[in-house]
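Only one structure is covered here, and it is reproduced in the block below.
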Amino acid sequence: MHRMALWRIGLLWAAVLAAALPAGAAPIYTAEGIAVGGAGYAYEQKSSGTAIAETGYVFNNPALNAYARGFGIASQYGVGAAAEVSVFWFGSAAGAEGRGRVDTEVVFSGPVTGAPIPVSVNLHVDGGYGGGYNASESSVREIILSVALYSGNAYGHVGERVNGGVPTPILEGPLAPSGLACLAGGCLLESPVIYVPANVPVAFRMELLARVSTGWGVGQASFENTFYFPLGQDVFNLPEGYTADMPGLSVFNNRVVLPNGGGGGNVPEPSTYALVGAGLAAAALRRRAHR
C-alpha cells in the first residue's frame with residue numbers, strides 16, 4: 001500500500017472523530033481491519049458482546065514471506081488494535097491498520113441537575129511497536145488513542161517514524177505518555193478537564209487505531225486489547241458528591257466492575273448485573289470462536 005494512501009485513510013479517520021458523536025441508549029462496539037489499501041478488509045459492529053475484525057493479505061509470491069495484517073476489537077472492557085507488515089523485496093511498500101471503537105453514554109449523578117461539573121477520565125494503555133527497516137526507505141509504526149466526552153475530545157499519537165534510516169519517536173497530544181518505555185508495562189494517562197452537565201446522559205467515545213507502513217522489512221504495532229480504564233480506582237475524576245455510571249463500558253458507581261466482582265467497583269443491582277453477565281458470556285464464546 002502506498003504511504004500517501006495510508007495518510008489519506010488517517011485524515012479520513014480524524015475527520016470522523018471530529019464529527020458529532022452519536023447519542024443513544026445502546027452502546028455500539030465497532031472493529032475494523034485493513035490490509036494493503038483494502039485488498040484485505042474486515043468490519044464488525046455490534047450492540048452487545050465483542051466486535052472483532054481481522055484481515056490479512058499475502059502477496060503473490062509466498063516464497064517471499066510477504067504479508068500484511070490488520071486487527072480490531074471492541075467490547076464493554078475496552079478496545080484494542082494491531083497492525084503488522086512484512087515486506088522483503090525492494091521497490092515495494094505495504095501498510096495495514098486496525099481499529100477498535102466504543103460509543104456509549106455516561107451519567108454523572110450528583111446533587112444539582114444540569115449544572116456543569118469538571119470531569120477528567122483516567123485511562124490505561126499497554127502494548128508494543130517496532131520492526132526493521134532499510135536505510136533507503138521510510139516507515140511508520142504508530143497508534144492513535146482518543147476519548148471524546150460530551151463536546152470535548154483528547155488524543156494521543158505514539159510511535160516511531162523513520163526517514164532515510166533515521167528513527168524519530170512520535171509523542172503528540174495530551175494523551176501521549178511522557179515516554180514510550182511504559183508501554184510494555186502499561187501507561188496510566190489522564191485526559192484534560194471538560195465541563196459536563198450532571199444527571200443527564202452524555203455521549204462517550206473510546207477509540208484506538210494501530211497503523212504500520214513500511215517499504216522494506218517488518219513493522220508491527222500491537223495493542224490488541226489494551227486501551228481501557230485502570231482497575232481499583234475511580235474511572236472519572238469528579239467533584240465531591242458525584243459519581244458515574246456507564247454500563248456500556250462496565251462502569252458502575254465510578255469503578256470498573258468485572259464479572260467476578262473484581263475491578264474495585266461495587267456490584268450493581270441484580271437485574272443490571274444479569275444483563276452485563278449475559279454480555280460477558282457472549283464475549284467469551286466469541287473470543288474462543290476466533291482463536
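Just so you know, all these numbers are worked out from the coordinates, no wet-lab data involved. Note that the structure is predicted; figures quoted are calculated from it, not measured. In this analysis, Cβ positions are derived from the backbone assuming ideal geometry, glycine residues included, and neighbour counts consider all displayed protein chains.
Here the calculated FRET efficiency for GLN45 and ASN253, from their Cβ-Cβ distance with R0 = 25 Å, stands at 0.30, rounded to the nearest 0.05.
As a proxy for reagent exposure, ranking TYR43, TYR228 by other Cβ atoms within 10 Å from fewest up yields TYR43, TYR228. The modelled label-to-label distance between VAL166 and ALA115, using points 7 Å beyond Cα along the C-beta direction, is 5.5 nm. Taking the number of Cβ atoms within 10 Å of each Cβ as an exposure proxy, the fewest-first ranking of ARG141, ARG101 is ARG101, ARG141. Put in order of Cβ neighbour count within 10 Å, fewest first, the listed residues SER250, SER75, SER48 become SER48, SER250, SER75.
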